[in-house]
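Accompanying notes for the structure given below.
Bear in mind these aren't lab numbers, they're just calculated from the coordinates by the rules spelled out. All values derive from a computational prediction rather than experimental measurement. Reconstructed Cβ throughout: ideal geometry from the backbone, glycine too, with neighbour counts over all protein chains shown.
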């Protein structure tokens, strides 16, 4: 979406090696109750619904062939480079996700970008990385005082419930951080942790009950497209843009592109 809208993208990974998406979410293989059986795991039913759709798979394939994707910079290099904005992608419990969310290097980078009032876009668990990033004196999150959305507990809970059933041998697949003993359900969800970092609980935004497209936005099955933003829910607060999950991705990128365009020097 961003390149289609005329923006150049620089990728950054921990050690400057090309990233790789979670194969389960790309193909759906392993997201059915027989997914642990080598001979039949290629057959997908529930996995076909849960996995990336055809448009997303095609976009991912094209991205992996792009020279920028194949030659990313290191996280540490990103901290000293000059960019027009920062985009924080999401994920869940796939390999490397906790390292991303817990990286002090990235948290410092996010804090500097917010302090410079550069455009920032965060989607899904990417909002959690922003929430964990602190202002210079360490007193509060960079999201304190801002309005945001993120992966909602409703979406995360539904995915976790389905995951516990169809992927019973790996029941925590969809939860990056499980709730601890004695904690209420969802205490370690993205929505709950992000909300705790905000100035007010009501600054975490979700689809309104009277939204005319609510059924498209909250069902967890319908995703937006280049031409149809009805299923998407995206929040903009100044130069900060946030979204919930892959179903918001087209609209999320378009809004971020608008912010980049507004912030560009004349």
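How far apart, in nm, are two points set 7 Å out from the Cα along the Cα-to-Cβ line at residue 108 and at residue 10?
Going from the residue 108 label point to the residue 10 one covers 1.7 nm.
What residue among 58, 229, 108 has the largest mean-square fluctuation in a Gaussian network model of the chain, using Cα springs under 10 Å?
58
Could you give the length gained by full extension between residue 211 and residue 66, i.e. 0.36 nm per residue of separation minus their alpha carbon distance, to one decimal place?
Values: separation 145, 0.36 × 145 = 52.20 nm, distance 3.83 nm.
Here the answer is 48.4 nm.
To make sure I understand, if each residue's beta carbon is the centre and we count other beta carbons within 10 Å, what order do 256, 168, 69, 233 fall in, fewest to most?
On the way: 256 29, 168 11, 69 17, 233 26.
Result, fewest neighbours first: 168, 69, 233, 256.
Viscosity 1.306 mPa s, temperature 10 °C: give me the Stokes-Einstein translational D for the stretch 12-263 in µm²/s, with Rh taken as the Kirkwood radius over C-alpha pairs. All intermediate terms of the calculation are to be shown ahead of the outcome.
Values: Rh = 19.0 Å.
Result for D is 84 µm²/s.
Of 130, 62, 181, which is the most mobile in a GNM of the chain whose springs link Cα atoms less than 10 angstrom apart?
The residue with the greatest mean-square fluctuation here is 181.
Restricting to the chain, compute how many DSSP beta bridges are antiparallel as a %, nearest 5.
Numbers: 5 of 15 bridges.
Expressed as a percentage, antiparallel bridges in the chain total about 35.
Can you tell me the equivalent ellipsoid semi-axes for the stretch 74-209? Use √(5λ) from the Cα gyration tensor, largest first, whole Å.
So the equivalent ellipsoid measures 27, 18, 13 Å along its semi-axes.
What residue among 72, 178, 212 shows peak mean-square fluctuation when the chain is described by a Gaussian network model with Cα springs under 10 Å?
212
Using the count of nearby Cβ atoms within 10 Å as a rough guide to exposure, how do 252, 114, 36 rank from fewest to most?
36, 114, 252
How many angstrom separate the Cα center of the stretch 124-142 from the Cα center of the stretch 1-42?
Centre-to-centre distance over Cα atoms comes out at 26 Å.
Work out, in µm²/s and without decimals, the Stokes-Einstein translational diffusion coefficient of the stretch 128-201 at 20 °C, 1.002 mPa s, Rh from Kirkwood over C-alpha pairs.
Values: Rh = 13.4 Å.
The Stokes-Einstein estimate is 160 µm²/s.
Over the Cα atoms of the stretch 163-243, how large are the radius of gyration and the largest Cα-Cα distance (Dmax), in Å?
15.7, 45
Would you compute, from DSSP H runs of 4+ residues alone, the mean residue ellipticity of the chain at 222 nm, taking -39500 (n - 2.57) per run and dividing by the full residue count, rounded to the nearest 500?
Dividing the helical sum by the residues of the chain leaves -9500 deg cm²/dmol.
Please give the Cα centre distance for the stretch 231-266 versus the stretch 54-102, rounded to the nearest Å.
Using only Cα atoms to place each centre, the spacing works out to 17 Å.
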